[in-house]
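Scroll down for the structure; my scribbles are underneath it.
Throughout, read-outs are computed from the coordinates displayed, never taken from laboratory work. No experiment lies behind these values; they were computed from the predicted model shown. Using ideal geometry, Cβ is built from the backbone for each residue, glycine included, and neighbour counts are taken over all protein chains shown.
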Amino acid sequence: MAEVELSRRVAELQAVHGVSESLIQKTDLQKLIHETGEQIRLTFNANNVLIAIHDPNTNQINFPYDY
């Protein structure tokens, strides 16, 4: 059981690392959001992933990624 938990944790950390690498390399926010959403979806085998961004100037929430 501990080995399964360790494997899950390694996958999560790899996802965080992948997102960090994307942040460093990308300047296109929409591409970055899409790649981040895909990485989260694949790592956690998620059927639904939603990324929300709050705009403090308009107090609106935008949803640039919805899978």
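For the chain, take the longest principal axis of its alpha carbons; what is the angle in degrees between that and the long axis of helix 2-25, to the nearest 10 within 0 to 90? Orientation of helix 2-25: about 30 degrees from the principal axis. Given the DSSP H assignment, sum -39500 (n - 2.57) over each helix run of at least 4 residues in the chain and divide by its residue total; what's the result at 222 nm in deg cm²/dmol, nearest 500? Result for the chain: -20000 deg cm²/dmol, rounded to the nearest 500. As a calculated quantity, the FRET efficiency between Phe63 and Asp28 at R0 = 30 Å, using C-beta atoms, amounts to about 0.95.
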